[in-house]
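Notes follow once the structure below has been shown.
The values are calculated or read from the model by the stated rules, or taken from the named source; none is laboratory data. Worth saying up front: this structure is predicted, and the values here are computed from it rather than measured. A quick note on method: Cβ atoms are made from the backbone with ideal geometry, for glycine too, and the neighbour counts reach across all protein chains shown. We work out accessible area using only protein heavy atoms, side chains counted, and drop any ligands, DNA or RNA first. Shrake-Rupley method; radii C 1.70, N 1.55, O 1.52, S 1.80 Å.
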Amino acid sequence: MQADDMRIADPNPVRVADEADILDELLPLPGAKVLELGCGKADKTRLIARTAASVLALEVDTRQLAENQSAEKPDNVQFEFGGAEDIPVDDSSVDIVLMFKSLHHVPLERMDDVFSEIRRVLKPGGMAYISEPVYAGDFNEIIRLFHDEKMVREAAFAAEVKAVSTQRLSLMGQTFFQQPVHFDDFAQFENRVLKVTHTDHQISPALHEIVRSEFNRHLSADGATLHIPIRVDLFRKDGP
């Protein structure tokens, strides 16, 4: 695929899937040396570690990093401080680079640097898997009430297109799907989304009630299951 063929969204994504299934389909994880950029709470880190030879998971949120480092972890996982725009890893040393919904958190002025760094650390023929939330859907409609990410998500996509057009990485393909996310009630949504440590959401009491009201529109006796449209862009490093 060429840069001109890239799409920021699929207007009608019909597939509903867990991202673990997408990973299994797209990546040769067994035996791979993996680098994860922006690992967050490390749920996917532990999943990947089941098959990868090793996983170095980097995080810039120092509170979350400390929690990851103090928790039990597989022997083949290492948690370290580091950002995607300045990766503390040797040249041509990893098989697969992963970014799960973290590219748009990189400072705008450093997004291009991310792809130079990814190319630098990948072995020839190595792959980069970048998933980003699409700016659409019920979950996004709630989130944008207090944290509108339209501009940064568009900037992240533009950086991906530029990486392909400048031949730093080649695009192997794009995959679109909807990731279901379930909350038992608003309190769980609040703990998991509003109180994340990587972003200080400044929410007034009035706005808090608006968010609660919008969330409760989706609430049933079984809780609320929302769907997040996701775009996965799969890249490869060609040449040395």
query = Could you give the accessible area per residue of segment 20-168, probe 1.4 Å, as a whole number in Å²?
reply = 45 Å²
message = Net charge within 10 Å of Leu37 by Cβ-Cβ distance, Lys/Arg positive one each and Asp/Glu negative one each, not counting Leu37 itself?
response = -4
ask   = How far apart, in nm, are the 7 Å Cα→Cβ label points at Asp185 and Lys162?
value = 4.7 nm
Using a Förster distance of 45 Å, the FRET efficiency for Glu25-Ala206 (Cβ separation, nearest 0.05) = 0.50
ask   = Where does the charge balance sit around Leu26 when Lys and Arg score +1, Asp and Glu -1, over other residues with C-beta under 14 Å from its C-beta?
value = -3
Antiparallel bridge percentage (DSSP; both residues within the chain; nearest 5) = 50 percent
ask   = One-quarter of the Cα convex hull surface for the chain, in nm²?
value = 13.2 nm²
ask   = What shape does segment 88-231 have by the C-alpha gyration tensor, where a ≥ b ≥ c are the square roots of the eigenvalues, rounded means a/c under 1.5, and otherwise prolate means a/b greater than b/c and oblate the rest?
value = prolate
inquiry  = Suppose the Debye formula is applied to equal point scatterers at every Cα of segment 1-81; what is log10 I(q)/I(0) at q = 0.20, 0.25, 0.26 Å⁻¹?
reply    = -0.92, -1.12, -1.17
task = Order the peptides 141-150, 58-67 from the highest to the lowest mean number of other Cβ atoms within 10 Å of their residues.
result = 58-67, 141-150
remark   = Rounded to the nearest 10, the angle in degrees between the Cα long axis of helix 150-165 and the longest principal axis of the Cα atoms of the chain comes to 20 degrees
message = Restricting to DSSP H runs of at least four residues, report the calculated mean residue ellipticity at 222 nm for the chain, -39500 (n - 2.57) per run over all residues, nearest 500 deg cm²/dmol.
response = -8500 deg cm²/dmol
ask   = Given springs between every Cα pair under 10 Å in a Gaussian network model of the chain, which of Met151, Met111, Met99 has the largest fluctuation?
value = Met151
Cα gyration tensor category, rounded, prolate or oblate, for segment 1-143 with a/c compared to 1.5 = rounded
